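Take a look at the structure set out below.
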Amino acid sequence: MKAHLTRRYMFSASHRLHSEAMSAEENHSTYGKCNNPHGHGHNYALEVTVSGPVDEHTGMICNLVDLDNFVDREILERFDHQNLNTLSEFSGEVPTTENLCASIYEIVQEGFRHARLEKVRLEETMMNSFEYAGGAEIWR
Amino acid sequence: MVYLTRKAEFSASHYYHNPDFTPEENRRIFGKCNNPNGHGHNYTLEVTVKGDVDPRSGFVVDLKQLKEILNREVLDALDHRFLNKEVPEFFTRIPTTENLAIAIWQRLAPKLKTAQLHRVRVYETQDLFVDFYGEV
Ligand SMILES: [Zn+2]
């Protein structure tokens, strides 16, 4: 039987939304306060959803320890307490939460082998959240 | 089609152990959850049903009936129980959050009349939940 498991993680990072492709006025009108040159930060809440058949011997989709270790090493180590603008992932891209959400999806999708990644959900604040499932529609 | 979600809470204890594994394998795979004396969680359950709105009642499902079914089939059986020892599904299956979601689905699905079960979501903690959609 196939089930979906979602694990929630927290990390904090700073960013500045600024596009080289835009003029100063355009940056200001597009990104508002988020264009402040010194940046600002968020406590991000990350939800990773994986799916798969429930193993009859363990009762699990995948061992939570494997998922936690992977996310610690590949996501939290990389993004927690960082200035996102300084990271190579965002050298050519504005570190919006949309792009961060997609980056995290790609990393988990490529590296995590113990279950199928369904989607990544990222809360930037209690008011804003973003979801990404690669090319797939999210209907659940 | 309208979807309706009802929330409920229950507390239960469990431990993870497979008699086919060696003691070392049990400890390695299940870690702290292998302690045979068990440990507990405050589970949050979300049951989502779907259906067309009845033109006379305006309901997808009679919430009072849904609550009764939920209490009788699920909460009375699971709340304040040691899952491994008191709930028949878990005499043979390991009471992981995955298997709990499946067991709750199997208890509810045949009892629902007007609406159709869409999803069972079980939170073991705020940081971990499992969704089951009845997929085989
Ligand atoms: Zn537990």
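Summary of values
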| quantity | calculated |
| --- | --- |
| Candidate set: the stretch A:41-63, residues that are surrounded by fewer than 17 Cβ atoms within 10 Å (Cβ to Cβ) and in contact with a strand residue (DSSP E or B) (Cβ under 6 Å, 6 or more places away or on another chain); chosen: the one farthest from A:D80 (Cα to Cα) | A:P53 |
| Residues (in a strand (DSSP E or B), under 19 Å from A:A13 (Cα atoms) and not aliphatic (A, V, I, L, M)) located in the stretch A:108-129 | A:R121, A:E123, A:S129 |
| Per-region count, the stretch A:15-35, residues buried (at least 16 other Cβ atoms within 10 Å of the Cβ) and of a type in the set (D, E, K, R) | 1 |
| Cβ-Cβ under 6 Å pairs, at least 6 apart or on other chains, the stretch B:112-128 side within 30 Å of A:F11 (Cα to Cα), far side modelled with pLDDT of 95 or more and part of a loop (DSSP other than H, G, I, E, B) | B:R119/B:Y133 |
| Helices (runs of 4 or more DSSP H) wholly inside the stretch B:28-136 that include at least 2 residues being over 25 Å from B:Y15 (Cα atoms) | B:63-69 |
| Flag for B:P95 being more than 9 Å from the chain's Cα centre (by Cα), over 18 Å from A:E118 (Cα atoms) and more than 11 Å from chain A (Cβ to nearest Cβ) | no |
| Top-ranked residue of the stretch A:66-93 - restricted to ones that are part of a loop (DSSP other than H, G, I, E, B) and modelled with pLDDT under 95, ranked as nearest to the chain's Cα centre (by Cα) | A:E93 |
| Tally, over the stretch B:12-59, of residues that are loosely packed, with under 12 Cβ neighbours inside 10 Å and within 14 Å of the ligand (Cβ to nearest atom) | 4 |
| Selection status of A:G52, within 13 Å of chain B (Cβ to nearest Cβ), closer than 30 Å to B:T125 by Cβ and outside any loop (DSSP other than H, G, I, E, B) | yes |
| The stretch A:92-113, residues that are free of Cβ contacts under 8 Å to residues at least 40 places away in the same chain, of a type outside the set (F, W, Y) and within 19 Å of A:A45 (Cα to Cα) | A:E98, A:N99, A:C101, A:A102, A:S103, A:E106, A:I107, A:Q109 |
| Yes/no for A:F130 being surrounded by 13 or more Cβ atoms within 10 Å (Cβ to Cβ) and closer than 17 Å to A:R16 by Cα | no |
| Test: residue in the stretch B:10-20 that is within 22 Å of A:R7 (Cα to Cα) and among the hydrophobic types (A, V, I, L, M, F, W, C) | yes |
| Test for B:L112: is it more than 13 Å from the ligand (Cβ to nearest atom) and either closer than 23 Å to A:L67 by Cα or surrounded by 14 or more Cβ atoms within 10 Å (Cβ to Cβ) (or both) | yes |
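Conditions tested, residue by residue: (1) at positive phi; (2) in contact with a helix residue (DSSP H, G or I) (Cβ under 8 Å, 6 or more places away or on another chain); (3) of a type outside the set (D, E).
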{"residue": "A:H81", "(1), (2), (3)": "yes, no, yes"}
{"residue": "A:S88", "(1), (2), (3)": "no, no, yes"}
{"residue": "A:E106", "(1), (2), (3)": "no, no, no"}
{"residue": "A:K119", "(1), (2), (3)": "no, yes, yes"}
{"residue": "A:E123", "(1), (2), (3)": "no, no, no"}
{"residue": "A:M126", "(1), (2), (3)": "no, no, yes"}
{"residue": "A:Y132", "(1), (2), (3)": "no, yes, yes"}
{"residue": "A:W139", "(1), (2), (3)": "no, no, yes"}
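The values are calculated or read from the model by the stated rules, or taken from the named source; none is laboratory data. Computed from a predicted structure; not experimentally measured. Reconstructed Cβ throughout: ideal geometry from the backbone, glycine too, with neighbour counts over all protein chains shown.
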